[in-house]
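The values are calculated or read from the model by the stated rules, or taken from the named source; none is laboratory data. Please read all numbers here as calculations on a predicted model, not as lab measurements. When we count neighbours, we look across all protein chains shown, and the Cβ atoms used for this are built from the backbone with ideal geometry, even at glycine.
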2 protein chains.
Amino acid sequence: MKVCILGIDGYLGWSLALYLKARNHEVFGIDNFSRRLQVQDMGSDSIIPIDDFRGRSNLIPFSEGDISTDGTCKEYFREAILEGNKPDVIVNMAQMPSAPYSMIDAKHAAWTQRNNVIGNLNVLFAIRDLMPEVPMLGLGTMGEYGTPNVDIPEGEFELEYNGRKTRAQFPRQPGSFYHASKVANSINNEFACRMWGLKITDVMQGVVFGTKIPEMVGDPKLRTRFDVDHCFGTAINRFCAQTVINEPITPYGIGHQQRGFLPLEDAMRCFTIAIENPPIKGEYRVFNQFEDVYTILGLARLVRDVARETGVNPNAIIRNLTNPRKEAEEHYYSPESLKLRKLGYHPSIDMRSAISEMLLDLSRFRGNLEKVKHCLVPDIQWDGTKGKVEFE
Amino acid sequence: MKVCILGIDGYLGWSLALYLKARNHEVFGIDNFSRRLQVQDMGSDSIIPIDDFRGRSNLIPFSEGDISTDGTCKEYFREAILEGNKPDVIVNMAQMPSAPYSMIDAKHAAWTQRNNVIGNLNVLFAIRDLMPEVPMLGLGTMGEYGTPNVDIPEGEFELEYNGRKTRAQFPRQPGSFYHASKVANSINNEFACRMWGLKITDVMQGVVFGTKIPEMVGDPKLRTRFDVDHCFGTAINRFCAQTVINEPITPYGIGHQQRGFLPLEDAMRCFTIAIENPPIKGEYRVFNQFEDVYTILGLARLVRDVARETGVNPNAIIRNLTNPRKEAEEHYYSPESLKLRKLGYHPSIDMRSAISEMLLDLSRFRGNLEKVKHCLVPDIQWDGTKGKVEFE
């Protein structure tokens, strides 16, 4: 299949490009490089060095451009079609992925929602006008749902009210303006399927972790980025980075928050299953994509224990930070995740060995980690106050 | 009270300014005049002539500016506070209100979502940073809910799933990218209350109709705009305009679509009740605001009958148009609307006399209506095809 990846320069986008290429799919994509710049704005950089645009575009046909501009988005697809590269599927990963970044101030919140929502809107119109039969894979987040006191279905559920029943999308309750941008995309995507008969899969993705997939081994040019700063580094990735340079592992608050997690390679497996099994005309399909649910503190302990056992850091410790976010720290959490498994997905990687591998990979880049040590502890707080948060 | 109305130059904004002023509230506001320009882009103009910025700002302190720019929004409020005009409540009507306009193409959809969502986001941050105790009244639409096969609660409801229960926002299913922009605002507003303790009322408003409120009588400078084009003219307003110039009244499709409606004066009464009874800290409050539910065809018949009886058009006729929208034309519809009534709202105007008054008012502007006759029949179709729709 011809797969077009929007946001191909990102952590997930680049990984997916290599994963699909290794499986004989033809991959191409576009990126505006906002991720590289934003991580640099945080005073950080990819811990694992990655190739530049020129190098990457020697491997995978790769354009520079911003799909949140209507003209650019449509022109990109129009040219692809003229050149005989009409995609069989479009993967929209051209999304700013950081909750803290979206909470910095009005400007960053607006940038996030504009980039993520208007970009996706332009893709929907481009598909409708140029190739309505081409399915889209959208990238949502489990964080759209929040932590409701009931099980979380995969998108649709049977709603009962005042004795009558209907099918409806499960209500969302996002935890940041970034998460809210993803909710807005879910709303626009469902609408586009209902109105125009588009075929969209929205993946409500858990927190992805990991330094690599097997397709990257052997050539440094193939590596994907790895961020550890408090904006773009996600929990397990940041925990591993911290302990490698003998910094304390820092869960936020008491750490009983529960989230769904999955390793990078399993995320690739899930995306590929979704791509190879497209929805039918007019179908809006939601997958909850994660391997298992863990508490943040449980993961911190696991990273600590593996760091000690492997000798990466015999003195690994945990220190809880005052939570910079406003979120429930004790809550019910039971999201469903059956649809991908029905299509053949089997989680394949055990957490312990995944973390062990990450710790070893990151140990090779201790110097880079030391350089961005000051970026590990958050200074963006959900209530708008500034300054590094304190240890509890 | 000091009331700041964002979007004060609009149909509702200007009416509310006069309505509140007459009740001894101090009113001021800002507008970017996009509505005037967009209606002109449709080849139309306000049928009832309205005063210009200079004239209006002699009556009500009125700034020109675009709150969808972060800098402008915050600067506007900062200056107001410095000048001793800190509002006691902010009413955000700075929203593009047309579903068809948002469906023209990618550019118009993006403009709609950017203007409505980013503008509102800037207001939320300005409130948080400058005056977190000041309540906001947001303007949503009943169209956020769509037409689900169950009753529609006022925002929150008790959700039951797999034997557990929780309070949740009722799922939204918008009917256009404009409606989706309002859903995104509801999501951001609820989040801002939950995170920052803001006090927000979101009014899910039905379709408003009417040419004036009593506060406008006697001085042509006080009039509010009245649009009849297929983008910015809503159903009853357009039906009245059509029959006044002996054009057929044109419901879309079979016309069994049901919607909540309310006259302009009752809308003002509802807003005022919401303003004078603000939510408490952290409360996100949703009102469903309409007087009663009617079918589109029922209203078309009512307009026809009143036009015949009053002699405004003894030959008034109805001709159904092919529906340019994609929407259910036969559906269950039973939205709840109790909260405003509990706060003292009583619908006051009977439909027949409201329509009769509108027909007489519009008869005085037959010449203006004749000039925009070509704008009455839609040429924006939900599926993206172009060209005027046909009679059925």
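For the reader, a short list of remarks on this structure follows.
- Taking the conditions (1) more than 7 Å from chain A (Cβ to nearest Cβ); (2) within 19 Å of residue A:188 (Cβ to Cβ) in turn, residue B:152 satisfies each one other than (2).
- Taking the criterion of being among the polar types (S, T, N, Q), out of contact with any helix residue (DSSP H, G or I) (no Cβ under 6 Å at 6 or more places or on another chain) and within 14 Å of residue B:101 (Cβ to Cβ), the residues of region B:28-65 that qualify are B:34, B:38, B:40.
Okay, residues lined up against (1) part of a loop (DSSP other than H, G, I, E, B); (2) among the basic types (Lys, Arg); (3) within 12 Å of chain A (Cβ to nearest Cβ); (4) over 22 Å from residue A:144 (Cα atoms):
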| site | (1), (2), (3), (4) |
| --- | --- |
| B:137 | no, no, no, yes |
| B:146 | yes, no, yes, no |
| B:158 | no, no, yes, no |
| B:193 | no, no, yes, no |
| B:198 | yes, no, yes, no |
| B:208 | no, no, no, yes |
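- Matching residues, region A:166-187, being within 7 Å of chain B (Cβ to nearest Cβ) and surrounded by fewer than 18 Cβ atoms within 10 Å (Cβ to Cβ): A:166
- Residues being basic (Lys, Arg) and more than 14 Å from residue A:61 (Cα to Cα) - total across region A:4-23: 1
- Flag for residue B:277 being in contact with a strand residue (DSSP E or B) (Cβ under 7 Å, 6 or more places away or on another chain) and closer than 20 Å to residue B:154 by Cβ: no
- Screening region A:95-117 for residues that are over 15 Å from the mean Cα position of the chain (by Cα) and in a loop (DSSP other than H, G, I, E, B) and picking the one that is farthest from residue A:14 (Cα to Cα) gives A:105.
- Qualifying position, being within 10 Å of chain A (Cβ to nearest Cβ) and of a type outside the set (A, V, I, L, M, F, W, C), among B:115, B:122, B:92, B:85: B:122
- Residues within region A:360-392 that are within 14 Å of chain B (Cβ to nearest Cβ) and not in a loop (DSSP other than H, G, I, E, B), tallied: 2
- Some residue of region B:24-45 being over 22 Å from residue B:232 (Cβ atoms), more than 20 Å from the chain's Cα centre (by Cα) and not in a strand (DSSP E or B): yes
- Taken together, A:76, A:101 contain a single residue that is in contact (Cβ under 8 Å) with a residue 60 or more places away in the chain and of a type in the set (Phe, Trp, Tyr), which is A:101.
- Scope region B:4-23; condition touching a Leu at 6+ places or on another chain (Cβ under 7 Å) and either part of a loop (DSSP other than H, G, I, E, B) or crowded, with 24+ Cβ neighbours inside 10 Å (or both); matching residues: B:5, B:15
Per-residue answers, yes or no, for (1) under 21 Å from residue A:267 (Cα atoms); (2) in contact (Cβ under 8 Å) with a residue 40 or more places away in the chain:
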residue	(1), (2)
A:287	yes, yes
A:292	yes, yes
A:349	yes, yes
A:364	no, no
A:367	no, no
A:378	no, yes
A:388	no, no
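- Residues in region B:188-197 that are surrounded by fewer than 24 Cβ atoms within 10 Å (Cβ to Cβ) and aliphatic (A, V, I, L, M): B:195 alone.
- Qualifying residue in region A:141-152 (condition: under 16 Å from residue B:170 (Cα atoms) and among the small types (Gly, Ala, Ser)): yes
- A search for C-beta distances below 7 Å between a residue of region A:12-24 that is within 15 Å of residue A:263 (Cβ to Cβ) and hydroxyl-bearing (Ser, Thr, Tyr) and any residue that is at pLDDT 95 or above and assigned to a helix (DSSP H, G or I), counting only pairs 6+ apart in sequence or on different chains, returns A:15/A:264; A:15/A:268; A:19/A:215; A:19/A:268; A:19/A:272.
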